[in-house]
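The values are calculated or read from the model by the stated rules, or taken from the named source; none is laboratory data. The model shown is predicted, which means the values in this text are computed figures rather than measured ones. Neighbour counts are summed over all protein chains in view; Cβ atoms, including those assigned to glycine, are modelled from backbone coordinates with ideal geometry.
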Amino acid sequence: MFRRYFFSVIASFAVIFSTAVFVSAQTGALRGHVVLKQADGTKVPAADVIIDVFRTDISAKYNTKTDKNGGFVFAGLPFIGTYIVAASKQGAAPTWIQDVKVGREVDYELEMSPGDGRRLTHEEIKAAAGQGKGPASSGSGGAKETAEEKAKREELLKQNEAIMASNKKAEESNVVIQRTFKAGNEAIKAKNYDEAINQFNEGLAADPEHPGAPSLLTNKATALNSRAVATFNAAIQSKDDAAKTAGLEAAKKDWRQAFEASSKAVEMLKASSPAPTDAAAASNAKTNLYFALLVKAEASRFFVTKVDLEKVDAGVASFQEYIAAESDPAKKLKAEHDMAQMLFDANSFDRALAQYQKILEANPDDLDALLRSGQALFNIGALNSDKAKYQQAADFLARFVEKAPDTNAFKSDAKAILDTLKEQENVKPAAAPSRRRRP
């Protein structure tokens, strides 16, 4: 029985930079209404009331007017702020309410009474509040809060505190993730893969579920792949058996982690769903998923062929997903070649042969597909003592030898197999081999 021919090439992998998505500042709506108390005690909606909203935690002011029904709405106010809402109208006394929060689905009510029509400034309101004079005690006709409203407000304040704490954590995570993403990418460019991996790990530790986490995982997988290739190449050249073994094990560990990291990135990106109306976010998500699929396919190739041959189905699935997402014909063809080579290196010769035949259907003169088809058929024939497979192998290898330039590194190997087939099995290429022979 003939020895089987296996061909593996460790290639350098281009650095991929994907765009992380970071949490933006949260905003909310503030809505309310104003009523005017009549002499007979009835209340009617107050239209055209000037509404001044003062932010108390920082210096900021917003203005609007009530509509014909006495209602008003502010959209997009910072969620984290605390506000005073003041109302003024000609012929009415000014009033205000304090400790207002936005985005709480509360319809705040301000009650006005007849008065001089003054418009209070923020300083006047603060002075009145500092003297213990609320809107009602000052004769301003301010709104009174029921027990139910007070309980609801206190519950909302608790919720706001939790949201503020969450926002603070998100802001802190943003800083860490942005810093480590940038530093990690710079380390990859400098080929300092240890530092790159450390930076990405720090960012992921800050918030594993952060919207930017998939990009950190994708680039971490890139760094792990690159470090594994360097470690593997150094190990196979080492003359120290212990160092060689340690190096190969370290490379295998990195390739496994690269496959896991890139798989997690793809999983997270598939689970995320930007708002249909946010075209920029949707485009960004699509780009991030594309790069994650690309890196996962590359990680799968190494993981399957260098770590676990039994994961070949997972490797094929990774390549098929990436190929479906790839729009560049040249890159798509390269991925098809890489998938076929992965199958070949994983000893899955029947599947590798089928993939190479697809490539030959599109380009009958593809040298790599001719060579690998011949080698796969030779190995299948050797495993099963199948002379028909040997004949097909000879035909493909002869076509390869005929078309390949003398500088092709595998031309001498193909000739050697042809000589072996002729001497030991009396198999020679057909006189005029078909350009589209199928096994």
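Table for the structure above
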{"item": "Selected residue (only one of 266, 229 is more than 22 Å from residue 205 (Cβ to Cβ), touching a residue at least 24 places away in the same chain (Cβ under 8 Å) and surrounded by 13 or more Cβ atoms within 10 Å (Cβ to Cβ))", "result": "229"}
{"item": "Cross-chain or 6+ apart pairs with Cβ under 7 Å, segment 242-261 first and touching a residue at least 12 places away in the same chain (Cβ under 8 Å), then surrounded by fewer than 19 Cβ atoms within 10 Å (Cβ to Cβ) and β-branched (Val, Ile, Thr)", "result": "252/307; 255/307; 256/307"}
{"item": "Qualifying residue in segment 337-345 (condition: modelled with pLDDT under 95, touching a Ser or Thr at 6+ places or on another chain (Cβ under 6 Å) and surrounded by fewer than 24 Cβ atoms within 10 Å (Cβ to Cβ))", "result": "yes"}
{"item": "Residue that is farthest from residue 256 (Cα to Cα) [pool: residues in segment 305-344 that are under 23 Å from the mean Cα position of the chain (by Cα) and among the small types (Gly, Ala, Ser)]", "result": "327"}
{"item": "Some residue of segment 237-254 being surrounded by 22 or more Cβ atoms within 10 Å (Cβ to Cβ) and farther than 22 Å from residue 347 by Cα", "result": "yes"}
{"item": "Filter result for residue 270 (of a type in the set (Lys, Arg) and modelled with pLDDT under 95)", "result": "yes"}
{"item": "The lone exception for residue 28 - which of (1) outside any strand (DSSP E or B); (2) modelled with pLDDT under 85; (3) farther than 30 Å from residue 306 by Cα; (4) touching a Gly at 6+ places or on another chain (Cβ under 9 Å) it fails", "result": "(1)"}
{"item": "Members of segment 384-411 that are aliphatic (A, V, I, L, M), free of Cβ contacts under 8 Å to residues at least 24 places away in the same chain and more than 12 Å from residue 429 (Cα to Cα)", "result": "409"}
{"item": "Which numbered condition residue 62 fails, given (1) at pLDDT below 50; (2) in a strand (DSSP E or B)", "result": "(1)"}
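For (1) surrounded by 24 or more Cβ atoms within 10 Å (Cβ to Cβ); (2) at pLDDT 95 or above; (3) within 25 Å of residue 332 (Cβ to Cβ); (4) of a type in the set (A, V, I, L, M), each residue gets a yes or a no:
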position: 361; (1), (2), (3), (4): no, yes, yes, no
position: 367; (1), (2), (3), (4): no, yes, yes, yes
position: 370; (1), (2), (3), (4): yes, yes, yes, yes
position: 378; (1), (2), (3), (4): yes, no, no, no
position: 384; (1), (2), (3), (4): no, no, no, no
position: 389; (1), (2), (3), (4): no, no, no, no
position: 393; (1), (2), (3), (4): yes, no, no, yes
position: 406; (1), (2), (3), (4): no, no, no, no
position: 411; (1), (2), (3), (4): no, no, no, no
